[in-house]
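Have a look at the structure below, then the notes.
The values are calculated or read from the model by the stated rules, or taken from the named source; none is laboratory data. Predicted model only: the values in this text are computed from it and were never measured. Here the Cβ positions follow ideal geometry from the backbone for every residue, glycine too, while neighbour counts run over all protein chains shown.
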Amino acid sequence: MAFNTGLSGLRAASVDLEVTGNNIANASTVGFKGSRVQFGDLYASGFLSSGSNPIGDGVRVQDVAQSFGQGNISFTDNGLDMAISGDGFFILNNGGEIRYSRAGQFTIDKNGFVINNQNMKVQGYTADDDGNLSGIRGDLQIQTDNLAPRRTTNLTSSLNLDSRESVLERRIRDFAPIGIGSLRGEGFSFSYSDGSTDYSVPAIDANASARDAAAAINAAPGVTATATTSAVLDGGLDDNFVSTAGDFRLELQVNNSGAIPLDLSNVSSLDDVAKAINATSDNAISASVVDHDDDPLTPERLRVIHSGGDKLDIAYGDAAAGALPAPTTFEGEVLVTTDRNVSQATSDAGTTNFVDTFDATPFTVTNEFNPIDQRTYNHATSTTIYDSLGNDHKLTQFYVKEPSPGNGVGQSQWSVYLQIDGELVGGTDQTPYTATFDQDGELQSVNGDPNGEIIITDWTPKDPSGDPNGADGPPADPDSVVSPIPEPATSSAFVLNLADTTQYGAAFGVNDQRQNGYTTGRLSGLDVSGEGVIFARYTNGQSKSLGQVALGAFSNTDGLSPVGDTTWVETFESGQPVIGAPDTGTLGSIEASSVEESNVDLSAELVNLIIAQRNYQANAKTIETSDAVTQTIINLR
């Protein structure tokens, strides 16, 4: 009996030594789970009773159980190495056999499949060509093809336009000259688009000069009036008359104030007469020689101009002929210009040229927007967009502050110009878009669209030489383009969204600018997220999900059967696995570029080794002692 008891102890201690030695041998094995021996005592027992004085029959190994506790996580330089932080196993396809492992040392084979060191393929959820993950589980495969280009169909700009900026662009209505005779006795009223109070010009005096009329009209806000008097002397006054006359004379009076002294003693041509007039002390008067009606066959004529619009009386002739003829009277005319704030002009007593043509007179921009002249716009920002071939193009947005609509309270307006590769698009070469902001600086609309969207339908992608580059061009029917642009896109049309643009009293700034296009990209690296999603990084700065690692968990992890290579297989005792994505349910998360180390505590195992050795020696002593007792009995004879 004692021999059997000691022998069972030797066997148990030997198993303990083997398990401890196996743990020590795998102390550096990634994903290894240490085992421990579970012992049970042995007693003789009958059918109904174990006896009154039971004596044990020794010990037996009941089980060798593995400890599935978390091992330490260490970082590596392999982007595809993965460690599970929490519950779960990697699912591996070993030629059709499904195995489970905590060892996440993965690489890629020649066909792009993610495998472990034993060429077992990692299982996960596959992704489509656009990177959308599906619920279909299969072998994870990394596609190394180039990422095809994507055209820009949406551009979102979040800007702040400085509300403190001044209005740069000046638009005016410039009317035809009006003779003073048409203005005398007239009164005028001007209305304003910004809600300012109408301004009334009193009736022009019946004896007023053009200078007086211009001064009265010029007093109206937003109205500029200037007067000038131009006298072209016809009626035989030419070089021949001046040179052949015995004593050429010319008298010039301004507003009947007396003849202006002129030195005509040595004149022999109209040019000499013009020089004599220009030499007077009255700087408002000037003279020049012109072709009548710009006809080179017509004799030259003398033109005298009074820049202030005063009345001119001019008489000329030959002194030898006696008294000069009666003077010819020339009265001035008024030039009227109104800016864009003047919405209407009316005449009190009758009609005048500029009132009659007010609505029909187009605006003239005196400092028209010019993308190469930064003085003609307040702000500008550029971003890169892409055509259907993946070629990059520079889109520049220009913002020009406009006068406030209405009465200037509660609203602000900006003009928006768009340029791609130096060419204005979106029709802004003719008419810019108008962005309207409320009293809080929030965008109200762009051309009446409360969503703040601009749809560009007239862009033709071109190469550096300015010729179409073969990419998709404008849509055949621009009116059919809607936002958002459906996929796949079939034209160069895209949407510019300014909904998040503001107008605050702060410096201009680009808060965010995003577009959905990109050029061709080559695979440059792989990243793994905490959810086990494998992302491909491309040289064009884009990334795309290629798949997601799947994890499996068991109700009874201890029921798994180890089959080597740091893997386990499902058994009846373990139950069927619950499979899902990492970091969902009870499944753990993924640590990328990391591995889970063995959970073996080497110090504890060395102590266990000593204990197993002691147990082995003690059981051997039991056998030795039993042998000595037996030998004593034999020696009694």
Seminar exercise, completed: Restricted to segment 57-110 and to residues being of a type in the set (Gly, Ala, Ser) and under 30 Å from Ala13 (Cβ atoms), the residue modelled with the lowest pLDDT is Gly58
Problem set entry | Candidates Thr457, Thr490, Thr431, filtered to the one that is of a type in the set (Val, Ile, Thr), free of Cβ contacts under 8 Å to residues at least 60 places away in the same chain and more than 22 Å from Arg514 (Cα to Cα) | Thr431
Seminar exercise, completed: The condition of being under 21 Å from Ile285 (Cβ atoms), in contact with a His (Cβ under 7 Å, 6 or more places away or on another chain) and of a type outside the set (Lys, Arg) holds, among Val242, Val267, Val254, only for Val254
Problem set entry | Residue under evaluation Lys394, criteria (1) in a strand (DSSP E or B); (2) of a type in the set (D, E, K, R); (3) within 30 Å of Val201 (Cβ to Cβ), criterion not met | (3)
For this session: Could you please let me know if Asn160 is without any contact (Cβ under 8 Å) to a residue 12 or more places away in the chain and over 19 Å from Lys544 (Cα atoms)?
Result: no
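For every residue, the table says whether it meets (1) farther than 21 Å from Glu186 by Cα; (2) assigned by TED's automatic domain parsing to the domain that holds Ala284; (3) in contact (Cβ under 8 Å) with a residue 24 or more places away in the chain.
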site: Arg340; (1), (2), (3): yes, yes, yes
site: Ser343; (1), (2), (3): no, yes, yes
site: Thr381; (1), (2), (3): yes, no, yes
site: Pro405; (1), (2), (3): yes, no, yes
Problem set entry | Asp41 part of a loop (DSSP other than H, G, I, E, B) and either touching a residue at least 60 places away in the same chain (Cβ under 8 Å) or out of contact with any helix residue (DSSP H, G or I) (no Cβ under 9 Å at 6 or more places or on another chain) (or both) | no
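Those residues that are in contact with a helix residue (DSSP H, G or I) (Cβ under 9 Å, 6 or more places away or on another chain) and among the hydrophobic types (A, V, I, L, M, F, W, C), I need them from segment 82-123; list them, please.
Selection gives Phe89 alone.
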Seminar exercise, completed: Reported set for segment 142-157 where residues are in contact with a Ser or Thr (Cβ under 8 Å, 6 or more places away or on another chain) and either at pLDDT below 95 or over 27 Å from Gly541 (Cβ atoms) (or both) is Asn146, Leu147, Ala148, Pro149
For this session: Mind listing just one residue for me: the one in segment 482-507 that is at pLDDT 95 or above and in contact with a Pro (Cβ under 8 Å, 6 or more places away or on another chain) and, of those, farthest from Tyr417 (Cα to Cα)?
Result: Ser491
Exercise. Only one of Ser347, Ser343, Ser388 is among the polar types (S, T, N, Q) and closer than 19 Å to Thr434 by Cα; which?
Worked result: Ser343
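Taking Asn266, is it more than 16 Å from Pro327 (Cβ to Cβ), free of Cβ contacts under 8 Å to residues at least 24 places away in the same chain and either aromatic (Phe, Trp, Tyr) or out of contact with any strand residue (DSSP E or B) (no Cβ under 8 Å at 6 or more places or on another chain) (or both)?
yes
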Exercise. Where residues in segment 415-428 are without any contact (Cβ under 8 Å) to a residue 60 or more places away in the chain and of a type outside the set (Gly, Ala, Ser), which of them is surrounded by the fewest Cβ atoms within 10 Å (Cβ to Cβ)?
Worked result: Glu423
Exercise. Only one residue in Asn256, Asn266, Asn278 is polar (S, T, N, Q), closer than 30 Å to Asn353 by Cα and surrounded by fewer than 16 Cβ atoms within 10 Å (Cβ to Cβ). Which one?
Worked result: Asn256
Exercise. Which of the following residues is on the phi > 0 side of the Ramachandran plot and either of a type outside the set (Val, Ile, Thr) or in a helix (DSSP H, G or I) (or both): Gly541, Gly530, Gly552?
Worked result: Gly541
Exercise. Could you count how many residues in segment 204-261 are closer than 23 Å to Arg301 by Cα, among the β-branched types (Val, Ile, Thr) and over 57 Å from the mean Cα position of the chain (by Cα)?
Worked result: 6
Exercise. Among the strands (runs of 3 or more DSSP E) confined wholly to segment 67-113, which include 3 or more residues that are over 16 Å from Gly530 (Cα atoms)?
Worked result: 89-94, 97-101
For this session: Sort through Asp438, Asp421 and tell me the only one that's of a type in the set (Asp, Glu) and at pLDDT 95 or above.
Result: Asp421
Exercise. Among Gly410, Gly390, which is the only one that is outside the structural domain of Ser243 (by TED's automatic domain parsing), touching a Pro at 6+ places or on another chain (Cβ under 6 Å) and over 30 Å from Phe248 (Cα atoms)?
Worked result: Gly390
Problem set entry | Residue under evaluation Arg211, criteria (1) more than 30 Å from Glu402 (Cβ to Cβ); (2) of a type in the set (D, E, K, R); (3) part of a loop (DSSP other than H, G, I, E, B), criterion not met | (3)
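This table checks each residue for (1) surrounded by 18 or more Cβ atoms within 10 Å (Cβ to Cβ); (2) at pLDDT below 90; (3) among the hydroxyl-bearing types (Ser, Thr, Tyr).
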site: Leu159; (1), (2), (3): yes, no, no
site: Leu168; (1), (2), (3): no, yes, no
site: Arg173; (1), (2), (3): yes, no, no
site: Phe188; (1), (2), (3): yes, no, no
site: Asp212; (1), (2), (3): yes, no, no
site: Ser230; (1), (2), (3): no, no, yes
site: Asp234; (1), (2), (3): no, yes, no
site: Asn240; (1), (2), (3): no, yes, no
site: Arg249; (1), (2), (3): no, yes, no
Exercise. Is it fair to say Ala274 is of a type outside the set (Phe, Trp, Tyr), in contact with a strand residue (DSSP E or B) (Cβ under 6 Å, 6 or more places away or on another chain) and without any contact (Cβ under 8 Å) to a residue 40 or more places away in the chain?
Worked result: yes
Exercise. Hey, does segment 602-618 have a residue that's touching a residue at least 40 places away in the same chain (Cβ under 8 Å), surrounded by 17 or more Cβ atoms within 10 Å (Cβ to Cβ) and over 26 Å from Gly69 (Cβ atoms)?
Worked result: yes
For this session: Being surrounded by fewer than 15 Cβ atoms within 10 Å (Cβ to Cβ) and within 20 Å of Pro149 (Cβ to Cβ) is the filter here, so list the residues in segment 393-413 that pass it.
Result: Lys394
Problem set entry | In segment 356-369, the residues that are closer than 23 Å to Glu165 by Cβ and surrounded by fewer than 12 Cβ atoms within 10 Å (Cβ to Cβ) | Glu368
